[in-house]
1. Taking Cα centroids, how far is region 212-239 from region 161-190 in Å?
2. How large is the convex hull of the C-alpha atoms of region 56-111 per residue, in Å³?
3. Under 14 Å from the Cβ of Ile45, count the other residues' Cβ atoms, weight Lys and Arg +1, Asp and Glu -1, and hand me the total.
4. May I have the extent of the alpha carbons of region 101-238 along their three principal axes, as whole Å values ordered from largest to smallest?
5. Kindly give the semi-axes, whole Å and largest first, of the ellipsoid equivalent to region 1-101, taking each as the square root of 5 times a Cα gyration tensor eigenvalue.
6. Please report, in debye to the nearest 20, how large the charge dipole of the chain is about its Cα centre when each Lys and Arg carries +1 at its beta carbon and each Asp and Glu carries -1 there.
7. Of the heavy-atom accessible surface of the chain (probe 1.4 angstrom), what whole percent is carbon and sulfur?
8. Using a 1.4 Å probe, what is the accessible area per residue for the chain, in Å²?
Amino acid sequence: MMIQDYIKSLQLTQQHACLAQLREIQEKHLEMYSFSSISALGAEIISLQEEALLDRLVLRKKGGYCFEQNKLAYLALEHLGYEVQPLLAKVLLNGNEDNARTHRVTLVKIGDESYLFDVGFGSKSPKEPLCISQSGTIEVGNYHYKITRTASDVRIELLQPEQVSLYSVSLVPVTEKDFDVVHFYSHQHPESNFVNNLVLSRVTGGQRFTLRNLLYRELHEVSQFSTVIEVTSAQQLLSLIRQKFLLNVCTSEAERLFARAQKSMRMQSA
């Protein structure tokens, strides 16, 4: 019953399984549990077992990426009585339609409606579950999404404040073993984005905080005004990770991450 520790940490005001509670879970998770590639930058195999997830994300506050964040939320939703189904999605942010399916999401059914629940898509994570029962548009604050539903998949596009395809979700059932294979590639393959880059994000209130290697950005959702800061020291990086992303990182780890991020930026600029 360790999953209850995660549920308690969200301090939910909605006590029963319903759409309002589902929205609250997604919003509070994004605020409290930062997306992070820190673990993927290490050499160790990242376990997706429930006890390991809770220890890493909830107790030690190390953050995680989609296979960690969305499995943790999936286990909690299942525990709370929601009808849930894990799915794989193809990320389309780079404009390539032939990308592999490397993103985990959760399908949640409430009554006759189906919702896409995602707390692991980094700085572009929707702040609310998106109804994907049929094609159409959805407004979440000043963020507008286009849903294109077919018999086999669902395509999610952001229309405002920018136009970009987010991902295509396959509706084909998958198992945890399917996720294990893609998860292994995502945090162990030498060409994986998360193996080569320090990536952090947190969505809180009306702001979105992002760090990619040594470039830190704060985006205000309503005005779309953003500030970008270049991180120039391990101590500055340590402060940002702790204060803006609420992650527990020691000085020596921040020094290692700073050196790794410097190397990544040099390689990408060469």
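The values are calculated or read from the model by the stated rules, or taken from the named source; none is laboratory data. All values reported here derive from a predicted model rather than from experimental measurement. A quick note on method: Cβ atoms are made from the backbone with ideal geometry, for glycine too, and the neighbour counts reach across all protein chains shown. To get the accessible areas, we keep the full protein, side chains included, count just its heavy atoms, and leave off ligands, DNA and RNA. Shrake-Rupley method; radii C 1.70, N 1.55, O 1.52, S 1.80 Å.
1. Cα centroid of region 212-239 versus Cα centroid of region 161-190: 27 Å apart.
2. It is 96 Å³ per residue.
3. With Lys, Arg at +1 and Asp, Glu at -1, the neighbours total -2.
4. That works out to 51, 39, 23 Å along the principal axes.
5. 24, 19, 12
6. 720
7. Carbon with sulfur: 50 percent of the solvent-accessible area.
8. Here the residues of the chain average 47 Å² of exposed surface.
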